[in-house]
Structure formats: C-alpha cells, structure tokens
Amino acid sequence: MDKQRDFVLRTIEERGIKFVRIWFTDVVGTLKSVAIAPAEVENAFIEGIGFDGSAIEGLTRSFESDLLAFPDPATFQILPWGSDTDPTARMFCDITTPDGHPAVADPRNVLKRMLEKAADKGFTFYTHPEIEFYLFKSAKYGPDGPEPVDNAGYFDNVPGGTAHDFRRESVRMLEDLGISVEFSHHEAGHGQNEIDLRYADALATADNIMTFRTVVKEVAINQGVYATFMPKPMSQQPGSGMHTHLSLFEGERNAFHEAGAEYRLSKTGRQFIAGLLHHAPEITAVTNQFVNSYKRLWGGDEAPSFVCWGHNNHSALVRVPMYKPNKSQSVRVEYRGLDSASNPYLSFALLLAAGLKGIEEGYELPPEAENNVWQLTDAERRALGYKPLPASLEHAISAMESSELVAETLGEQVFNYSILNKREEWKGFRSEVTPFELKNNLGIL
C-alpha cells in the first residue's frame, strides 16, 4: 500500500495533476465525486476526507452523519478528458466511520465483505460484463419517444456513423484508463450499442463499470449526443441489459471446470447455478432496481423472464456458454437478468451470495431448458417448473422483503433503505397517469 501511495504522489507531481477526484457511489449506484487539491492527497490517505453522509442516498442515518472517505491508491488513474491545462486524476475510495470502522452502507464495502467471505472458502470471484446502452440525438423526446442517432441493427457497420465514432472514442478512453475492452459493436436496437469489458475480479469490474458509465456520458457530451443506460427507453426496441459472465477460481484453477463432465461444468459450477436460480426472484429488486427495468424483462427480445438455465440458450436466465476446447479457464456461467442501470457493487455481492449459498447447501440443479422459453405456453412452462421472475418492481420488492439472503448480504441499513427507496418509486409510478392510458381511454371514456 505504501508503494502504491508513493507512486500516486510521485505521479501527481511529475504529471502536474491539478485536481484529484475522489469517487464513490450511493446505494442506488449514482457516482459521487469530490475534488481535492494535490497537496491534500497525502493527508487524505492517512486521515481521510470528512463529509456529511446523511446527504448521500442511503449512506447513513442523520444522527450518525459524519463519515470519512479514504482514497484507494490502487485505483488511481489520470482522466483522459478535460482541459490540458488542468490535468485531473481520480481514485475510488472506501467509506469509514470516524472511529475507523467500514461504513456498513458503503456499496463498495458490501461487495468487499462478500468477496472476503468467498476468499475464506478459497474462492476468487471474476466477472465480465457486456454493457448495452442507447445513443439519442438529445435527451428530449416527443410522442414517439427519444430519437436514436441511427436506424442500424445488430453488428451493422455504419461507415461514418455516429455510433462507430462514438465506440472508437469510448474504447480509446477506457484503454487510457487501464480498462481493457474485449468487444464493441452496434446492438439490435436503433441507436443501441454494446461494449464488453474483459474479465477482472468483481471489485475491479464494479469500479470499471462506474468509470465506464462516466466515460460514455463524457464522450456523448463531446460528440453532441445523449447516452442513456435506461433499461427500456423505447417500447418498440430491445432493452439494454448487462449480461455478466461469472466464474470462481481456487488459486489458478477454475472451480467451474471438470474435464469429462457435461459442458465441462463441475459440481461446484452446477451448484452455483442452482443458487442463482433459487434466489433470483428475491435479488431482482437490486439487479433490476427501477420501474422501467420490468419493461425490459417482460418486453421480449431475448430478455429473460423465467427462472431457468440452458446451454447456449439465449432465452434462459442463466446460460452456460460454449466451452473452448483445451481452455479450462473459459468455463463460466452467464447471468442475463442484470440491466445496465444496476448498482454493480450490490448486484455482484448478491449474485455471489446466491451462488455460494447453492454450493454451501448443495442445491440440486434442475434440468436445463432446451427450447426457446418465450415460445412455450404458460401451461408448458408451469409443467417444466420455469417460475417467472417478478413482473413488476412491486413484485420484486415483495420477494426481497422476505429474503434472509438479501438482508444478510446487504446488511440491515442498506436492506432497509433499498426497500424504502423502491417503495417510494413504485408509489410514484402507481399514481402517475401515463400516455398509454390517455391514448387508450381519454377519447372513449
């Protein structure tokens, strides 16, 4: 740690850094930032930066508002945007109470607690997100919704198009920030794009996702367009998900791999999937935290609506991708329920908790779904045991409220705040008169 701090302090001086932004997130997953002068960084490493936690969504209660932010020197990066005359860097931070204890409601700490639990069992948790988002000409919208920057579709090449230049600039910025990108391409929706980040440990991935969202927003501003991670911004176009590949390693060995097993998937891997399936409904209020998230989950276009798994089955909630011969490291599972607007720290913590519970309790993996689940009838799905995911935020809240696993993983404060926050959102939505109602009822009733 001392070497990392020395590196940060030396780099700030050598590169003439004028501002250092300290980043963290609230419980909803909104990025928070405070800029400090370079001269204050060394002291921030030692004593932290004091702030009023009660002013941040869900971070603390009003009677215990004083918190400290300690920069993590391992996350130091120089931001590749802004003025050349005022070079700026950033670090993520860990939040503590004045007496030095980790803040229980710090989402980054929630994930770190869960990763420590996995480490106690000998596991390291790796993730690889495929992040979808839309590009619109502006944030304004008319009767037909927002206007996308193009009418292209899946993998389309649009020479000279906005999306092509946008992805190129975004990938360049991400690489400059030390975030490795695996793929980037146009997605199926008009104006929809996807950028996939390389595998990393879950904490690094969560930090990278928060940085990714900022990069995409910055590039959009520079190019005169609007980027959004809203799960379903247009009713007639696909929603934006964040399909995430998951794996557990024991040292250098992939705990999900077993030579000779079906799909090369080990008993540990099968139990992990069983845990994801068993607990999926109760974690959905976090992995899909907005009213709009359920328009994506139940809007078709390969979004998963039912709790099942399959090998290369894109209609299933959990997919076991094709195994690469002679590459045991490639065995993994893909959770397709996450949307791009989720809080990655809390979502990864719950996915890991669900999977570990499956391993600890020896959950039995049900038979795989071999057919397109969306094309089955309700009776056929019931006969096969494919239970639905929550159909609305209200249903998701009800499932989460009674979950011991979610309460234990998030901790009492984050759990209670999340329930309260989502209830308020549902209450507001329920009382809203929508354009759908006006269009279908006003003229005839």
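Out of the residues in region 263-287 that are small (Gly, Ala, Ser) and within 18 Å of the chain's Cα centre (by Cα), which is farthest from Val307 (Cα to Cα)? Within region 263-287, the match that is farthest from Val307 (Cα to Cα) is Ala285.
Applying a threshold of 7 Å to beta carbon distances and a minimum spacing of six or more residues, or different chains, the list of pairs starting in region 226-243 at a residue that is touching a residue at least 12 places away in the same chain (Cβ under 8 Å) and ending at one that is among the aromatic types (Phe, Trp, Tyr) and part of a loop (DSSP other than H, G, I, E, B) reads Pro231/Phe290; Ser240/Phe229. Looking only at residues of region 154-210 that are among the acidic types (Asp, Glu) and either outside the structural domain of Tyr335 (by TED's automatic domain parsing) or assigned to a strand (DSSP E or B) (or both), we find that the one that is surrounded by the most Cβ atoms within 10 Å (Cβ to Cβ) is Glu194. In region 1-39, the qualifying residues are those that are surrounded by 14 or more Cβ atoms within 10 Å (Cβ to Cβ) and among the charged types (D, E, K, R), and the one that is farthest from Gln77 (Cα to Cα) is Asp26.
With the structure loaded, tell me whether Leu297 is among the hydrophobic types (A, V, I, L, M, F, W, C), more than 22 Å from Glu361 (Cα to Cα), under 19 Å from the mean Cα position of the chain (by Cα) and in the same structural domain as Pro366 (by TED's automatic domain parsing) or whether it fails that test. It is true that Leu297 is among the hydrophobic types (A, V, I, L, M, F, W, C), more than 22 Å from Glu361 (Cα to Cα), under 19 Å from the mean Cα position of the chain (by Cα) and in the same structural domain as Pro366 (by TED's automatic domain parsing).
Report yes if Val307 is more than 15 Å from the chain's Cα centre (by Cα), within 19 Å of His128 (Cβ to Cβ) and crowded, with 24+ Cβ neighbours inside 10 Å, otherwise no. So Val307 fails the test. Would you kindly identify the strands (runs of 3 or more DSSP E) lying entirely within region 24-123 that contain at least 1 residues that are at pLDDT 85 or above and of a type in the set (Ser, Thr, Tyr)? Counting at least 1 such residues, we get 31-36, 88-96.
Scanning region 420-445 for residues that are without any contact (Cβ under 8 Å) to a residue 40 or more places away in the chain and closer than 22 Å to Thr25 by Cα gives Leu420, Arg423, Glu424.
For region 302-342, a tally of residues being of a type in the set (A, V, I, L, M, F, W, C) and either in the same structural domain as Val28 (by TED's automatic domain parsing) or part of a loop (DSSP other than H, G, I, E, B) (or both) returns 8. Considering every residue within region 127-138, establish whether at least one is acidic (Asp, Glu), touching a residue at least 24 places away in the same chain (Cβ under 8 Å) and not assigned by TED's automatic domain parsing to the domain that holds Val27. Yes: one or more hits. For the structure I just gave you, tell me whether Val149 is assigned by TED's automatic domain parsing to the domain that holds Asn416, at pLDDT 90 or above and within 22 Å of the chain's Cα centre (by Cα). Here the answer is no, as Val149 does not meet what is asked. Here Lys140 fulfils each of the conditions (1) assigned to a strand (DSSP E or B); (2) within 24 Å of the chain's Cα centre (by Cα) apart from (2).
Going through (1) touching an Asp or Glu at 6+ places or on another chain (Cβ under 7 Å); (2) in contact (Cβ under 8 Å) with a residue 40 or more places away in the chain one by one, Lys112 falls short only on (1). Against the conditions (1) closer than 19 Å to Ala105 by Cβ; (2) aliphatic (A, V, I, L, M); (3) in a loop (DSSP other than H, G, I, E, B), Leu405 satisfies every one except (3). What are the residues in region 340-385 that are aromatic (Phe, Trp, Tyr) and at pLDDT 95 or above, if any? Listed by number, the residues that qualify are Tyr345, Phe348, Tyr363. When region 358-368 is filtered for residues that are farther than 22 Å from His128 by Cβ and assigned to a helix (DSSP H, G or I), the ones remaining, listed by number, are Glu360, Glu361. Consider region 254-298 and keep the residues that are modelled with pLDDT of 95 or more and among the basic types (Lys, Arg). The one that is surrounded by the most Cβ atoms within 10 Å (Cβ to Cβ) is Arg296.
The values are calculated or read from the model by the stated rules, or taken from the named source; none is laboratory data. Note that this is a predicted model, so its numbers are computed, not measured. Heads up, the Cβs are rebuilt from the backbone with ideal geometry, glycines too, and the neighbour counts pull from every protein chain shown.
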